[in-house]
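Below: the structure, in structure tokens.
FYI, it's all coordinate maths here, none of it is from the lab. On a predicted model such as this, the values are computed, not experimentally measured, just so you know. So basically every Cβ, Gly included, is an ideal-geometry build from the backbone, and we count neighbours across all protein chains shown.
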Ligand SMILES: Cc1cc2nc3c(=O)[nH]c(=O)nc-3n(C[C@H](O)[C@H](O)[C@H](O)COP(=O)(O)OP(=O)(O)OC[C@H]3O[C@@H](n4cnc5c(N)ncnc54)[C@H](O)[C@@H]3O)c2cc1C
């Protein structure tokens, strides 16, 4: 079922969902099931699976020269989605990137998803690879998430990249895109970023999932601004419970989001990460309850494979 259909069917009740990462290469799928199992009692109608593009690693050879190696540390997005749909009977939502994909690679990726009965995707540009400052699209690849949405919409109309195919099978993907309550790091202003978000919706995206935020007022203001700009699709809030003291600096650096002073001082008072996890759970419960009260369509948790804290939050909220 499409994410938009799940939301309509819930008739105003906030749904529970979460996002997982494929395990590091070399591990098996049991770690994924171990992360999902404790959350199934909250009946997620869908589970997102992130996509991780290649990284460039430079190894020093004996002669002192550097050897470039292209590695993928977390492959397996499509396989995990297929496994989730078959084991749990819930919709799996793979993330798909512009980065590292030519349009033809994208087409082949989408064909696999379609064959597997996967109907929903989150279309993203992806970040620059670690050895580059700015994002570089693949030759003959999509430059922005909007271009990727357009390509998927063309496939929904039966128009393929491969010129040999005059009229192909119409796929029926429901596409989600990313939104940033505190602005995407490269956008010159929040207003401009919302204009870009609107372009993704006009291209065919049917819902938005937000970057994590720790202050609900940022989400509420963002939704108001989106509505004023004419964006009418569901805007699903993304939530990440804090679990370690180091995240106070890692999360703002990596995701370009602010932490409220009250949360910072609560975390700073903690003697160890066990106490930080408790603060993260309490903060997450508070945030979630307020969002449910405001009638958000879904609470979407960034589990990153650790489900204990999300289980505690969900128990208190759902
Ligand atoms: C919910 C969510 C899930 C994510 N999942 C993943 C994942 O699985 N894997 C992963 O690698 N990353 C993931 N990311 C991170 C994401 O790939 C990065 O944030 C990336 O830098 C931007 O992706 P985007 O789809 O928002 O890009 P876009 O919407 O293309 O926007 C990128 C930037 O370009 C600007 N822009 C857009 N159109 C134009 C234009 N025409 N001209 C000039 N500027 C323009 C925007 O304002 C923005 O600053 C996720 C992010 C979120 C919020």
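Here is how the numbers come out for the structure above:
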quantity: Region 137-200-region 43-110 distance, computed between alpha-carbon centres (Å); calculated: 18 Å
quantity: Percentage relative contact order, region 8-47, counting C-alpha pairs under 8 Å, at least six apart; calculated: 58 percent
quantity: Neighbour-count order for 11, 225, 103, 269, fewest beta carbons within 10 angstrom listed first; calculated: 11, 269, 225, 103
quantity: Length added when fully stretched, residue 184-residue 289, from 0.36 nm per residue minus Cα-Cα; calculated: 35.2 nm
quantity: Linear extension gain, residue 37 paired with residue 143, 0.36 nm per residue minus alpha-carbon span; calculated: 34.5 nm
quantity: Ordering of 235-243, 135-143 by packing [mean C-beta count within 10 Å, highest first]; calculated: 235-243, 135-143
quantity: FRET efficiency, 1/(1 + (r/R0)^6) with R0 30 Å, evaluated for residue 253 and residue 68 via beta carbons; calculated: 0.70
quantity: Counting DSSP beta bridges with both ends in region 1-103, the antiparallel % (nearest 5); calculated: 45 percent
quantity: Protection-proxy order for peptides 39-51, 121-133, each taking the mean of Cβ atoms within 10 Å per residue, highest first; calculated: 39-51, 121-133
quantity: Beta bridges per DSSP with both ends in the chain, % antiparallel, nearest 5; calculated: 20 percent
quantity: Among 305-312, 77-84, the order from most to least packed when residues are scored by Cβ within 10 Å on average; calculated: 77-84, 305-312
quantity: Relative contact order (percent, whole number), the chain, Cα cutoff 8 Å, 6+ residue spacing; calculated: 19 percent
quantity: Efficiency of FRET between residue 8 and residue 169 - r from beta-carbon atoms, R0 22 angstrom, step 0.05; calculated: 0.30
quantity: Expected 222 nm ellipticity per residue - DSSP helices of 4 or more, -39500 (n - 2.57), all of the chain, to 500; calculated: -12500 deg cm²/dmol
quantity: FRET efficiency for residue 29 and residue 127, using Cβ-Cβ distance with R0 set to 25 Å, rounded to 0.05; calculated: 0.45
